[in-house]
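Reading through the C-alpha cells given below for one structure.
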Amino acid sequence: MDEDVLEKYIEAGRIAADARVYGAALIKEGASLFDVADRVENRIMEKGGGLAFPVNISLNEVSAHYTPCVKDNLVFHRGDVVKLDVGVHVDGYIADTAVTIEVETSRYKTLINASEEAVRNAIKMLNDHSSFYDVGRVIEETIHSYGYKPISNLTGHSLQRFILHAGVSVPNMADKGMSRVKPNAGDVLAVEPFATTGAGYVVSGEGGNIYLYQGSLRSRFIRDKRLQSAYITLKKRFGTLPFAERWCSNLIPEHEVVLKHLSLYGLLKHYPRLIEKDKGMVSQSEHTVVITEDGCLVIT
C-alpha cells in the first residue's frame, strides 16, 4: 500500500476512534438519539474527517442500520443495549468502528464482552496467510464460549476508496466456502462480530433513514423536474457513500417525499433496519484493520 494512502487510513482511524469514544460517553438515560448522532458527526467534521456513513445508533434487538430522522423523538432508556457504529473517511479512505453500550445497567455485560473478545481474537490471527474460514471459526467459537450465538447473516467487509462494502465478506461463523479465501497484504477490512441471545439471524424491518444513491438508466425516464433535480443533487453531494434522511432537510425541498419517491423508483436504496429474528438482544464490536504480511495494523 502506498505510504500516503496508509497515512490517510490511519488518520481516518484516529478520528473514528475518537468519535466512538466521544459518542459512547454521550449515551445516557434520557439523552436523545438525534442529539448524539448530530454531535458525533459534528465531532468527526471538526477533527477534519468526512462522514463515510451516518452515525448508526441501533437499540436492543435492532442490529444495525438505524440513524435518527429529522423528526426523531427517541431517547435512551435505562437497560437499552446500544450499538454505536461510526464511519470516517479522509480523501475517501474509510475507517469503520463500533461499540456497544448498556445504558446504566449491567444485565448484558457478558453479551457485550462476547463480541468484544471475538473481535480481539479475530484480529490476533489476521494476516495474509489466514483463511476467512479460520477467522469466522474463531469468532463463532468465542461467542459460543459465552453461551450466545453469532449472527450468521451479518459479516464484516472489505473497504476501498469511497466504497464502504467493497465485495469481500469477513464471516462471523465458520464458513467452509471461505476455507481457501485469504486476505492479501494491503487489504483493508472491517471486522465486526455480532453476538445475540436470540436465534442468530437477522431479518429486514422498516427503513432506518439511511439511503444510498444508485445509478440507473431509469433516471432518464423521470418526468418530474423536482425529482430530476433532487437525484442530480444527491449524486453530486454523496456519490457512492450512504447518507441520512436528516442530511437532506436543508438540501432538498420536501425531502421526505422526494426520498420516498426516488426509493420507489429504485434510484435510491433505503437500508432496512436489521432486526434479530427472535427479538434477541444484540451486541456488536468492530475495528478496521490493514492486512500486513505478518499480521494486521488496527487503525481504529
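Where a number appears in this text, it was derived from the coordinates with a stated rule and is not lab data. Note that the structure is predicted; figures quoted are calculated from it, not measured. In this analysis, Cβ positions are derived from the backbone assuming ideal geometry, glycine residues included, and neighbour counts consider all displayed protein chains.
Structural remarks
- 0 to 90° range, to nearest 10: angle between helix 255-264 axis and the chain longest Cα axis: 70 degrees
- Student exercise, segment 206-273 dipole from Lys, Arg, Asp, Glu Cβ charges, in Debye to nearest 20: 300 debye
- Mean Cα-pair separation over length for segment 206-273, i.e. relative contact order, pairs under 8 Å, 6 or more apart, %: 59 percent
- Sum of side-chain charges, Asp38 neighbourhood, beta-carbon under 14 Å (Lys, Arg +1; Asp, Glu -1): -1
- Among Ala230, Ala24, Ala118: highest mean-square fluctuation, GNM of the chain, C-alpha pairs under 10 Å: Ala230
- The spacing between segment 133-180 and segment 210-286, judged by their C-alpha centroids, is 27 Å.
- Based on the Stokes-Einstein relation at 37 °C and a viscosity of 0.692 mPa s, and on the Kirkwood radius from alpha carbon pairs, the chain is assigned a translational diffusion coefficient of 168 µm²/s.
- Packing-based exposure ordering (other Cβ within 10 Å, fewest first) of Cys296, Cys248: Cys248, Cys296
- Choice from Ala166, Ala95, Ala37 with maximal GNM fluctuation in the chain (Cα, 10 Å cutoff): Ala166
- Our summary gives segment 1-85 a relative contact order of 32 percent, counting only alpha carbon pairs under 8 angstrom and 6 or more residues apart.
- Proximal charge balance of Ala122 [Cβ under 13 Å; K/R count +1, D/E count -1]: -4
- Between the Cα long axis of helix 33-46 and the first principal axis of the chain there is an angle of about 90°, rounded to the nearest 10.
- For the residues Ser131, Ser145, Ser115, a GNM of the chain with alpha-carbon springs under 10 Å puts the largest fluctuation on Ser145.
- Over 14 Å [Cα-Cα, segment 188-250], rounded percent: 71 percent
- Fewest neighbouring Cβ atoms within 10 Å first, the residues Thr97, Thr155, Thr110 line up as Thr110, Thr155, Thr97.
- Ser58, Ser106 arranged by Cβ crowding within 10 Å, fewest neighbours leading: Ser106, Ser58
- Gain upon complete extension [Glu104, Glu46; 0.36 nm per residue less C-alpha separation]: 18.0 nm
- Degrees separating the helix 132-145 axis from the principal Cα axis of the chain, which is the longest one: 80 degrees
- With contacts taken as Cα pairs under 8 Å at a separation of at least 6 residues, segment 41-150 carries a relative contact order of 19 percent.
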